[in-house]
Amino acid sequence: MNPLTPMSVALNPLQPALPAASGTPLSYLVGQDGEGHWVAVETGGRAGGIFRSRQDAIRYACLESGCRPDAVRMAAGPIPFRLS
């Protein structure tokens, strides 16, 4: 596998998807930043956060994306993350 290719995360298909305010469904990338913190980043750069664990980052991304299949992916390499 290519180290830059994200992996899909299995989500709960029974939970209904929630539409984004903009009408475009949200998708998230979950992984670690360059310092080893777990992060979840919305692929459009509109949302994200730093989390205590991988599980917490995935849970956040899942809930924010409406638990749609393929809405949350795991990054194979570091994710650049800035607080602004």
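Remarks
- Only residues that are over 11 Å from the mean Cα position of the chain (by Cα) and touching a residue at least 12 places away in the same chain (Cβ under 8 Å) were counted across the stretch 33-43, and they come to 3.
- Checking Gly34 against (1) touching a Pro at 6+ places or on another chain (Cβ under 6 Å); (2) part of a helix (DSSP H, G or I), the condition it does not meet: (2)
- For Leu26, the criteria (1) at pLDDT below 90; (2) over 11 Å from the mean Cα position of the chain (by Cα) hold in every case but one, which is (2).
- Selection count, the stretch 50-73, where residues are in a strand (DSSP E or B) and surrounded by fewer than 18 Cβ atoms within 10 Å (Cβ to Cβ): 1
- Residues (of a type outside the set (Asp, Glu), within 11 Å of the chain's Cα centre (by Cα) and more than 8 Å from Val30 (Cα to Cα)) located in the stretch 56-78: Arg59, Tyr60, Cys62, Leu63, Ser65, Cys67, Ala71
- Filter pass, Leu18 being at pLDDT below 90 and buried (at least 18 other Cβ atoms within 10 Å of the Cβ): no
The values are calculated or read from the model by the stated rules, or taken from the named source; none is laboratory data. Since we're looking at a predicted model, the values are computed, not measured. In this analysis, Cβ positions are derived from the backbone assuming ideal geometry, glycine residues included, and neighbour counts consider all displayed protein chains.
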